[in-house]
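Presented below is the structure to which this report refers.
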Amino acid sequence: MAGALIVVDRVSKRYTTRSGVVEALRDVSLGVSEGEFCTIIGPSGCGKSTLLAMIGGLATPDDGHISVDGAAVDGPDPTRVATVFQDPGLFPWRTALENVEFGLELQGTPRAERRRIASDLLGPLGLRPFAAKYPRELSGGMRQRVAIARALALDTKIVLMDEPFGALDEQTRVLMGEWLLEIWRRTRKTVIFVTHSLQEAVSLSTRVAVMTARPGRVKLVLDLPMDYPRAIESPEIVALRAKLWGEIREESLRAIAEST
Amino acid sequence: MTVAAIRLALVLALVLAWEGAARFSNPLLSAPPSVVLPALVRVLTLDSYPELPRHLLVTAREIAIAYAMAVLAGLAIGFALGLYRTLGRAYGPILAALYAVPAVVWYPSLMLFFGLDSSSKIAFGFLLGFFPITLAVLAGIRQVSPQLVTVARAFGATPLTTFVKVMVPAMMFTLVGGLRTGLALTVIGVIVGEILGSRQGIGSLINHAYGLLRTADYVALVLVTLVLIVASDALASLVEHRAQRWSE
């Protein structure tokens, strides 16, 4: 873990709700090295998103600490970390292009330059014809691609993705995954990707961290050294998928038992 | 085209019905269009009321001052109550309760306090315009998606940039709607105030004509007022549509 780009060190997080204190995460440790595509998978409510929010500086751990690129995280730092959320969260009054420019605008990048950067990003994403469209005129998949372009525009080393394809239909999900893989292989960013989907986990990641039911802990971490693109029917991938499902099934059953 | 024709048909029918009804009533109390039209011409040529422009300016000035105050106070108080939860919980219900009281009950005390001159009309116009603006700000703040605010934070926005680049645009539609309603109510407040008691302004002329049973003049002045109000509201609606297209 030493020397990792992102270090999560014995982090715990509790929430106070009306029905009492909920322990979201307990003693979570995880290291992610530069250039990795690390997937976090686990049952609903296991604190995956909370963990991601803390790495992104949007939430603070109660115990333990998190550092990114050698510096402790104390708030969002868009020069190091860009985030993509499940809800694309596009600004409805901005065109696709203007949405992509948002982060650069906040950083004071001159208008002409940020326009150039945003346009260059839209091209490979198949969004060039839609640059002047508003989010309401775009499909769900296109919106999420704009949200990803908005994150990539910051050109950070690290991109956090919180179930970015969770709201899309399965076909679109698969295509978006292929497309994301291509971008990642070209840019070699460090990605932490939260998902519910075993398929996404096995086809995209260099590593998978499986989390337990609440309070979330890291149950196991698997390395996936296979080449890309991965044939989802290959025996290796099928076996891996079955193994992951075995682990997650156990936790999901616990999560369901506890919530009823 | 057909819509315009149907609309015109209704207007024609109403004018004819008015003409018919008025001819058979007491001529002191009702004026048919055939009598109002010449009166309107005399009003517009400044024949019957040579001081009409001055009175209109008085009214316009009262509306402008009352509206400017209503906008400033409405935005300030709306944002204060909407952005600071404790303040909102403390004062929100009081505001809602006051809004439920028909504002006209305050007018006598405003006249006693501010006198018969412009101040009491400005105060009343302000009172009417203030509430819809404040409430629109509160409703608008509630409409801002927390997700967009989180996105702004993640991309490094300070509270001020979040306010300017996210909150204000996200609530623009509701806000502009409230500003438009506020303007309409301020105009009503000022003119009602003038009619209820004043020495100048278009409302005082209306009250004067009506008090002296100069019914045709009265109707002509009302028509002039109506056209001015409809024109100002049309302008406001144009602005509103702009904002709607932009923010939706």
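Every number here is computed from the coordinates shown, using simple stated rules; none is lab data. This one's a predicted model, so the numbers in the text were calculated from it and none came from an experiment. Quick reminder, even Gly has a Cβ in these numbers, built from the backbone with ideal geometry, and neighbours come from all protein chains shown.
For this structure, a couple of remarks:
- Selection over the range A:106-128 of residues that are within 14 Å of A:Ala149 (Cβ to Cβ) and either assigned to a helix (DSSP H, G or I) or hydroxyl-bearing (Ser, Thr, Tyr) (or both) gives a count of 10.
- Residue count, the range B:127-165 (criterion: in contact (Cβ under 8 Å) with a residue 12 or more places away in the chain and either under 21 Å from B:Glu240 (Cβ atoms) or basic (Lys, Arg) (or both)): 18
- Residues that are of a type in the set (S, T, N, Q) and surrounded by fewer than 18 Cβ atoms within 10 Å (Cβ to Cβ), drawn from the range A:180-206: A:Thr187, A:Gln199
- Checked against (1) without any contact (Cβ under 8 Å) to a residue 60 or more places away in the chain; (2) more than 15 Å from B:Asp217 (Cα to Cα); (3) loosely packed, with under 13 Cβ neighbours inside 10 Å, B:Arg54 meets all criteria but (1).
- Inside the range B:16-36, residues that are assigned to a helix (DSSP H, G or I) and surrounded by 14 or more Cβ atoms within 10 Å (Cβ to Cβ) make up a count of 6.
- Every condition in (1) within 14 Å of chain A (Cβ to nearest Cβ); (2) surrounded by fewer than 24 Cβ atoms within 10 Å (Cβ to Cβ); (3) over 17 Å from the mean Cα position of the chain (by Cα) is met by B:Val151 except one, and the failing one is (2).
- Selection within the range B:116-148 - within 14 Å of chain A (Cβ to nearest Cβ) and either over 21 Å from B:Ala80 (Cα atoms) or touching a Leu at 6+ places or on another chain (Cβ under 7 Å) (or both): B:Gly140, B:Gln147
- Condition met for A:Thr60 (outside any helix (DSSP H, G or I), within 15 Å of the chain's Cα centre (by Cα) and more than 15 Å from B:Ala157 (Cβ to Cβ)): no
- Which numbered condition A:Pro78 fails, given (1) crowded, with 18+ Cβ neighbours inside 10 Å; (2) within 14 Å of another protein chain (Cβ to nearest Cβ); (3) touching a strand residue (DSSP E or B) at 6+ places or on another chain (Cβ under 8 Å); (4) in a loop (DSSP other than H, G, I, E, B): (3)
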